[in-house]
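J.: One structure, as structure tokens, below. Some questions next.
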Amino acid sequence: HCCEMWSYVVLVFVTYNVAYILRKLWQERCWSKAEPPRIERRKRRVCVIGAGPAGLTSIKQLLDEGHEVTCFEKYSGIGGVFLSSADKGGVYDSAILTISNFMMAFGDYPATGRIRYWKHDQYLRYLHDYAEKFKLFTHIRFNCITTKVARSVSGAGWTVSYTTQGRTLSESFDAVAVCCGAHHAPNMPAIPGIDGFKGEVQHASLYKNNQMYRNKKVVCVGIGESAADVVYEIAQVAADCTLSMRRTPWVIKRNPYFPGFPNDMYTTRYRWSANPVLYDGILNGWYWILRKIIGVKNRHASILRELCAHSGNGPSFQFLVKNDKFVEAIAADKCRTAPAIARVEGDTVHFVDKTTVEADTIVCCTGYDDSITLVEGVVIKDVRQMFKHCYHTELGTDICFIGWARPNTGGIPACAEMQARYFALLLSGKRSLPSNWKQLAKKEAAIESKQFYLSCRLHTLVQYSTFMEGMARLIGCQLPLFTLFFTNPRFWFKMVFAGQYAPQYRIRGPHALPDQSIAFLNQGQLAPAPFMIRVVYVLGPLLTWSLHVLSLGLLFGRPLSFDKEALLSI
């Protein structure tokens, strides 16, 4: 009876897998053969608001489709939050990106050299090179502050109002791409009694360096990727530094295991294919073993594990702080931690655990308000309610909000590039929104809200792999991975196990750059990270994948060699 039962189990398993494979193969065949909708194609006059990373790639993708583009930029240079100047907040003097150069670069202009973390001025140089290569500067009007976007009186197109050199002007456009980003309006916390605080209250967006905090008593409120650097630097010179956190974050190192292996090398299709509950359960169990059974002698590592253990859940359900710099200050006893602030009385800060501390300065490292108020008559408080974080269900398809998709791991610029490509194709008539796009927007919003429930205030959060694959399907540039599994397993192996970088989506589809993309992806340093340092990262997905995947491990580390024409013909 036992053998008979297992025979049925094996039969059901094999039948299910064969049916699943055939279904996926048929779907990929349908996607590759699908004809674009027959919509009237015409050149549109498009306004792009903002010349940061999202705005620059939007200009480029719109120009690729032959549209007439005008960009209004508030400041005298490009770069958005990465533009450093005395009259604006954003980037601080010592800022180093928390995303590697390969993940921050656009798919149509990959980063060169070795994989590493850029400093803010190096990334700004990359953006300048990008704008110069594709001749984007001629389409940008600097020192133009956009004040309002309103639907034209005729109902077709938009009127954009802006101020420049003391004058208020307005122009009409067929379509608008709002690319001013989610990092322009600082979010100040509502703390009881803070208005009566005797010292100085600042937002971390105005932070440049730590000199003004020397010998002061500072309370830093909140922790994030930029705040990790801010807290560390302040702690080096302050007389006293306290870090107040409502909830401890899940923190990962820039290079989790070995130098030269940035943490986003683990942003792979393989990693994010795992069941998040199962994966995070295994990861939390492993951290518990490290803390309780094996023990961690290194204080820095011990603090890191404790922060993660008390974050509420695993990394799949929250925003990841990909910078552990502040942990160094805690380990060196230069910074103490405290829970949320209950109230402020005079120069005394009271915390919810009844402890108090005297302070001269309160620095709010509480991020930005991601709501959008630029469009007349519409206040967008939750960008998740928009289809793919860019199409509002009441505004139509001729206005797109690009740059409000922030992956928990991965880069915003890659997501913005995919949004811009889709917007440009929609305006050209080469693509159309799904017939049920409004229902899909609600469904995806519910899924994201449930997944990132621990970071409920960050409405911009998306799961990188899922978002990029969804956009690729809409654009028509997705890789037929199931077909590749049988026709080119070595290439499939690298696309699944190595970092999910943007050039993958330029191999095929509109405005493909196959030679450039394949040359980038064929670099030896893009091989999957060493297996021995992926024990935990591999274990979770391993339980959700079929065992035959393991046989491809024999191909690890070997350079790619495949027929480009054969790949493009799939």
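Matching residues to (1) over 20 Å from PRO189 (Cβ atoms); (2) out of contact with any Phe, Trp or Tyr (no Cβ under 8 Å at 6 or more places or on another chain); (3) open to solvent by 10 Å² or more (accessible area, probe 1.4 Å); (4) not acidic (Asp, Glu):
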| site | (1), (2), (3), (4) |
| --- | --- |
| THR366 | no, yes, yes, yes |
| VAL379 | yes, yes, yes, yes |
| ILE399 | yes, no, no, yes |
| ALA416 | yes, yes, no, yes |
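J.: Another question, then. Among the helices (runs of 4 or more DSSP H) lying completely within region 1-106, list those that include at least 2 residues that are modelled with pLDDT of 90 or more, under 30 Å from GLU233 (Cβ atoms) and under 28 Å from the mean Cα position of the chain (by Cα).
T.: 53-64, 101-104
J.: Is it true that SER154 is at pLDDT below 95 and either aromatic (Phe, Trp, Tyr) or assigned to a helix (DSSP H, G or I) (or both)?
T.: So SER154 fails the test.
J.: Among the residues of region 107-143, how many are within 30 Å of GLU171 (Cβ to Cβ) and either in a helix (DSSP H, G or I) or of a type in the set (D, E, K, R) (or both)?
T.: Going through region 107-143 one residue at a time, the tally reaches 14.
Table: residues versus (1) surrounded by 15 or more Cβ atoms within 10 Å (Cβ to Cβ); (2) out of contact with any Asp or Glu (no Cβ under 8 Å at 6 or more places or on another chain); (3) in contact (Cβ under 8 Å) with a residue 12 or more places away in the chain.
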residue	(1), (2), (3)
TRP437	yes, yes, yes
ILE447	no, yes, no
LEU454	yes, yes, yes
VAL462	yes, no, yes
ALA472	yes, yes, yes
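J.: Enumerate the pairs (first residue in region 114-132 and under 23 Å from LYS253 (Cβ atoms); second residue anywhere and assigned to a helix (DSSP H, G or I) and open to solvent by 20 Å² or more (accessible area, probe 1.4 Å)) with beta-carbon separation below 7 Å, excluding pairs fewer than 6 apart on the same chain, so at least 6 apart or on different chains.
T.: ARG114/GLN525; ILE115/GLN525; HIS120/PHE82; TYR123/PHE82
Residue-by-condition table, conditions (1) in contact (Cβ under 8 Å) with a residue 40 or more places away in the chain; (2) among the charged types (D, E, K, R); (3) open to solvent by less than 20 Å² (accessible area, probe 1.4 Å); (4) out of contact with any strand residue (DSSP E or B) (no Cβ under 7 Å at 6 or more places or on another chain):
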position	(1), (2), (3), (4)
SER154	no, no, no, yes
VAL160	yes, no, yes, no
GLY166	no, no, no, yes
GLU171	yes, yes, no, no
ASP174	yes, yes, no, no
ALA177	yes, no, yes, no
PRO189	yes, no, no, no
ILE194	yes, no, no, no
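J.: Now for a different question. Determine which single condition PHE485 fails, assuming it passes every other condition in (1) open to solvent by 30 Å² or more (accessible area, probe 1.4 Å); (2) of a type outside the set (S, T, N, Q); (3) modelled with pLDDT under 95; (4) assigned to a loop (DSSP other than H, G, I, E, B).
T.: Failed condition: (4).
J.: Let me ask you something else. With respect to THR397, is the statement that it is of a type in the set (Val, Ile, Thr) and over 30 Å from ARG254 (Cβ atoms) true?
T.: yes
J.: For region 488-501, how many residues meet the condition of being open to solvent by less than 10 Å² (accessible area, probe 1.4 Å) and not aromatic (Phe, Trp, Tyr)?
T.: 5
J.: Residues that are under 28 Å from the mean Cα position of the chain (by Cα): list the strands (runs of 3 or more DSSP E) wholly contained in region 333-426 that include at least 1 such residues.
T.: In region 333-426, the matching strands (runs of 3 or more DSSP E) lie at 336-338, 361-364, 399-401.
J.: Another question, if that's okay. Applying the selection to region 224-276, what residues are open to solvent by 10 Å² or more (accessible area, probe 1.4 Å), of a type outside the set (Asp, Glu) and in a strand (DSSP E or B)?
T.: Within region 224-276, none qualify.
J.: Sticking with this structure for a sec: Any residue in region 282-304 that is assigned to a helix (DSSP H, G or I) and modelled with pLDDT of 85 or more?
T.: Yes: region 282-304 contains one or more residues that are assigned to a helix (DSSP H, G or I) and modelled with pLDDT of 85 or more.
J.: Collect the residues in region 135-151 that are open to solvent by 20 Å² or more (accessible area, probe 1.4 Å) and touching a strand residue (DSSP E or B) at 6+ places or on another chain (Cβ under 8 Å), keeping them in residue-number order.
T.: Residues satisfying the conditions are HIS139, ARG141, ASN143, ILE145, THR146, THR147, LYS148, ARG151.
The values are calculated or read from the model by the stated rules, or taken from the named source; none is laboratory data. These numbers come from a predicted model, not from an experiment. Positions of Cβ are backbone-derived with ideal geometry, glycine not excepted, and every protein chain shown enters the neighbour counts. All accessible areas refer to the heavy atoms of the entire protein, side chains included, with ligands and DNA or RNA removed. Shrake-Rupley method; radii C 1.70, N 1.55, O 1.52, S 1.80 Å.
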